[in-house]
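Trainee: For reference, the structure I am asking about is given below.
The values are calculated or read from the model by the stated rules, or taken from the named source; none is laboratory data. All values derive from a computational prediction rather than experimental measurement. All Cβ positions, glycine included, derive from the backbone under ideal geometry; neighbour counts span all protein chains shown.
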Amino acid sequence: MNSFTTTLITRNEERNLPRALGSIRELADEVLVVDSGSRDRTVAIAREHGARVLERDWTDFSDQKNFAAAQAVHDWVFSLDADEELSPELAAELRAWKEQPATAVAYRMPRRARYLGRWIRHSGWYPDPKVRLYRRDRARFVGLLHEALEVVGPVGRFQGDLYHHTFATLAEHEAQIERYATLAARQLVASGHRHWLLPLLVSPPWMFLRTFFLKLGFLDGAAGWHIARLTARSSFLKYDTLRRWGRGQGPGDDAIARPR
């Protein structure tokens, strides 16, 4: 039988956490929450659901998740975000997987987003495959912002969806892309990318056209329009931040390289 630890990193997630923990609680052999200074009931809710809670100052997404995996009791880890939950189909697959010999060192699953009160089926947001179940000695998270697992070895596949509860309002989405602009620019700098002029001119309109037309965002109705529009704005803010830094209107190289 395969045993696994479910890990979550949190900060002020009292609204989402009960749903996430409720979907995994009966399957996980351990639930571990790494919290970074929550001021709401996040920690209390985690403990009410039987989770082991560790406190750790925030560094970045990948580092927090790798730290959580290192503290797990089991070598198999399921990394779950607080705004996610297992669909019934995915839960059934995971239950069956526990009873069989593992055929891979990590497993990928489709993720379906709920946005502005509806499930998104296009716009480049689905199937949005994510590797979330893995052996911690064969994989680790990389990336400052859009973190992903880097796996050494074969990756299997689950068919059931991982549900992702994104933004209930446009204001929430707009606020996030404003917050993430600096992180996205820092990631560009970390990868050696410092040119901003051509990307600033070309990338935002291309991202809109790609999302709304090529990725069939128009089939998602008004939600698809907003996804395309804000995807374009996210691209603009990222390269505009790089432009301002290049003109001395932001942090220097040392500050850019430091996690916040």
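Trainee: If we scan segment 61-78, do we find a residue that is under 16 Å from the mean Cα position of the chain (by Cα), under 28 Å from GLY221 (Cα atoms) and crowded, with 22+ Cβ neighbours inside 10 Å?
Mentor: Checking segment 61-78: not a single residue is under 16 Å from the mean Cα position of the chain (by Cα), under 28 Å from GLY221 (Cα atoms) and crowded, with 22+ Cβ neighbours inside 10 Å.
Trainee: Oh, and also: Among (1) within 26 Å of GLU13 (Cα to Cα); (2) surrounded by fewer than 18 Cβ atoms within 10 Å (Cβ to Cβ), where does GLU150 come up short?
Mentor: Failed condition: (1).
Trainee: Could I ask something else about it? Select the strands (runs of 3 or more DSSP E) contained entirely in segment 37-106, then report the ones holding at least 1 residues which are over 23 Å from MET1 (Cβ atoms) and free of Cβ contacts under 8 Å to residues at least 24 places away in the same chain.
Mentor: Result: 52-55.
Trainee: Then there is this: How many residues are more than 12 Å from ALA104 (Cα to Cα), part of a loop (DSSP other than H, G, I, E, B) and touching a residue at least 60 places away in the same chain (Cβ under 8 Å) when one looks only at segment 147-174?
Mentor: 5
Trainee: I need a count of the residues in segment 187-197 that are in contact with a Phe, Trp or Tyr (Cβ under 9 Å, 6 or more places away or on another chain) and assigned to a helix (DSSP H, G or I).
Mentor: The total comes to 3.
Trainee: So, one more: Search segment 124-145 for residues that are modelled with pLDDT under 95 and pair each with any residue that is of a type in the set (Asp, Glu) and surrounded by 17 or more Cβ atoms within 10 Å (Cβ to Cβ) when their beta-carbon atoms are under 6 Å apart and the residues are at least 6 apart or on different chains.
Mentor: LEU144/ASP60
Trainee: Right, another one. So, in segment 8-32, of the ones that are assigned to a strand (DSSP E or B) and out of contact with any Asp or Glu (no Cβ under 9 Å at 6 or more places or on another chain), which residue ends up nearest to PHE61 (Cα to Cα)?
Mentor: Out of the qualifying residues, it is LEU32.
Trainee: Using the structure shown, decide if LEU144 is outside the structural domain of GLN187 (by TED's automatic domain parsing), crowded, with 16+ Cβ neighbours inside 10 Å and not in a loop (DSSP other than H, G, I, E, B).
Mentor: no
Trainee: Related question: Please tell me if ARG114 is over 15 Å from THR5 (Cβ atoms), surrounded by fewer than 22 Cβ atoms within 10 Å (Cβ to Cβ) and in contact with a His (Cβ under 9 Å, 6 or more places away or on another chain).
Mentor: yes
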